[in-house]
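**Q** Sending over a structure as structure tokens; questions will come in a sec.
The values are calculated or read from the model by the stated rules, or taken from the named source; none is laboratory data. Predicted model only: the values in this text are computed from it and were never measured. Note: ideal-geometry Cβ built from the backbone for every residue, glycine included; neighbour counts use all protein chains shown. Please note that ligands, DNA and RNA were not included when accessible areas were found on the heavy atoms of the full protein model with its side chains. Shrake-Rupley method; radii C 1.70, N 1.55, O 1.52, S 1.80 Å.
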Amino acid sequence: MSHTDPAQTQSAFPPSEAAEPSRAPRRTLSPKQRLVAGIGALAVVAAAVGGTALALNRPTSGGDTQRAAATAAASHGLDTSAAQEGRVHLDQVPAAVQQLKDSGFTPIHAGELTVATTGASAPISFTADDGKTLIGSDVDVAQLIADGLGLKLRVETTAWADWPLGVQSGKYDVVLSNVGVTEERKDLFDFATYRHGLHTFLVTKDSPLKDVKEAKDIAGLKIVVGSGTNQEKILSAWNKLNEEAGLKPAELVYYDDASAALLALKSGRVDASFGPNPTSVYQAQVDPELRTVGRVNAGWPDNSDVGVVTAKGNGLVRPVATVLEAARTSGKLTAALTRWQLQGEQVEKTEVNPKGLPRQTK
């Protein structure tokens, strides 16, 4: 899976046009907004085989894929129902409520927190088995934020390319859609962090690979990776290290068709695929023939965290960060992520606008 470019950790299942809500004609993004969104590197294809999705390198419609994966997930311990009775909730956080009042920020819809997400990447945000309700780890985190601020949660679907303009124009209060913190994005948006950006390797259940965490572990392997993604950048850097150490580099394998890539993995023609941790974990959860081995920070060799996005300087990011920190210290954030098998991704401390991935060189 991966929409990821060197600056972000966006993921899987691109949304179908039919799944998008009705909206005014799309405004053209400025060159700066296009750079911040990483539109030029949105290179993913997603498909489901036996309830498993493997995302690669060009967009496609994801509605049927999401439903197939959701059906499989329901039988493997994940709640994909619209009711989401096990969703974690948080009491109001008085300090955050007061910060919100003092900030002068006014929600777009009175008494509600309007949250945008792509709904296109299980288990981060995707469609429940009713075919319309958005669920997933980012939706659960959004619920915690709304609870802590004393607001009702309102979730709306947006295309990845549209969220920057949506936040800046006031269409959404915040975005939760696996958005990585970058120095370029910080020019236009504020961030409150809640998860580490992680990538992992997906292998078959009977693979001899036990752990993959550094360059030498991939020497001589054949690995599926998306063209133009951050994962490709990491593996290319590891190959350079291996060559300098006298080790055989990994062979990076590219597929335009996700079904073919999955077949290659399961048949042993490739040793592994490399993609963002949440979707890889989800794939392994819904397909007993697959498992994950090793985690690598998405910003390797730097750190890459995922944050809640607000408009720059509108006063909302501080109350959001206060709620996230309260959820973290109470264990509610961990509980929300654990529902989707993402335990271990939570940050050690919520930060506002921490150092992000470096600016891209031209």
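**Q** Residues with beta-carbon under 15 Å from that of S207, excluding S207: net charge, scoring Lys, Arg +1 and Asp, Glu -1?
**A** After counting each charged neighbour, the total is 0.
**Q** What net charge is computed for the residues neighbouring A335, neighbours being all others with C-beta under 12 Å from the C-beta of A335, Lys and Arg scored +1, Asp and Glu -1?
**A** Neighbour charge sum, excluding A335 itself: +3.
**Q** May I ask for the net charge around L149, where only other residues with Cβ less than 12 Å from the Cβ of L149 are counted and Lys, Arg are +1 while Asp, Glu are -1?
**A** Counting the neighbours of L149, the net charge comes to -1.
**Q** Can you list the trypsin sites (Lys or Arg not before Pro) in region 239-274 that are in a DSSP coil and have 15 or fewer other beta carbons within 10 angstrom?
**A** Of the trypsin sites (Lys or Arg not before Pro), the ones in loops of region 239-274 whose Cβ has at most 15 other Cβ atoms within 10 Å are R269.
**Q** How high is the relative contact order of region 114-256? Use alpha-carbon pairs under 8 Å, at least six apart in sequence, and give a whole percent.
**A** 19
**Q** Rounded to the nearest percent, how much of the accessible area of region 169-270 (1.4 Å probe, protein heavy atoms only) is carbon and sulfur?
**A** With neighbouring chains kept in place, the figure for region 169-270 is 51 percent.
**Q** What list of ³J(HN,Hα) couplings, whole Hz, do you get for region 117-127 from phi and the Karplus terms 6.51, -1.76, 1.60, once you set θ to phi - 60° and write x for glycine and proline?
**A** For region 117-127, the Karplus curve yields 8, 6, x, 10, 8, 5, x, 5, 7, 7, 8 Hz.
**Q** Find, to one decimal place in angstroms, the Kirkwood hydrodynamic radius of region 300-345, where the mean of 1/r is taken over every pair of different Cα atoms and then inverted.
**A** It is 12.3 Å.
**Q** Let me ask something else. Leaving ligands, DNA and RNA out of it, work out the accessible area of S236 with a 1.4 Å probe and give it in Å² to the nearest 10.
**A** Ignoring ligands and nucleic acids, S236 comes out at about 60 Å².
**Q** In whole angstrom, how far apart do the alpha carbon centroids of region 327-343 and region 196-213 sit?
**A** 22
**Q** Right, next: Rolling a 1.4 Å sphere over the protein heavy atoms, what is the accessible area per residue of region 215-294, to the nearest Å²?
**A** 39
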